Amino acid sequence: LMFVADSAQGLGIGRLLATHLREEAGSAGLTGVRIVSHPPAEGFYRSIGAEPVGTVRADPPAVLWDRPELLLRIG
């Protein structure tokens, strides 16, 4: 899981985390990382190059809303 506190959003922390994620995934030999996003964060993931691939349906009572599923390609 990856989260940036609301008060720290917009400071570039998410982009730093995404860069680190790409580096670690590449070092592990991965070609992509599946992201199941909180709906308001979808725009951020798209802005770093993640592509929408589907929707993960709500699973009450754990999660009450559908979530976008994206693929962040590595390499």
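General observations
- Strands (runs of 3 or more DSSP E) wholly inside the chain that include at least 1 residues being hydrophobic (A, V, I, L, M, F, W, C) and in contact with a Leu (Cβ under 6 Å, 6 or more places away or on another chain): 32-36, 51-56
- Close pairs from the range 9-27: first surrounded by 12 or more Cβ atoms within 10 Å (Cβ to Cβ), partner in a loop (DSSP other than H, G, I, E, B) and not hydroxyl-bearing (Ser, Thr, Tyr), Cβ under 6 Å, at least 6 apart: 13/4; 14/4; 17/2; 18/48; 22/74; 25/74; 26/74; 26/75
- The single condition from (1) touching a residue at least 24 places away in the same chain (Cβ under 8 Å); (2) within 15 Å of residue 2 (Cβ to Cβ) that residue 73 fails is (2).
- Some residue of the range 26-48 being of a type in the set (S, T, N, Q) and under 14 Å from residue 3 (Cα atoms): yes
Bear in mind these aren't lab numbers, they're just calculated from the coordinates by the rules spelled out. The shown structure was predicted, so the numbers you read here are calculated from the model rather than taken from an experiment. We place every Cβ from the backbone using ideal geometry, glycine too, and count neighbours over all the protein chains shown.
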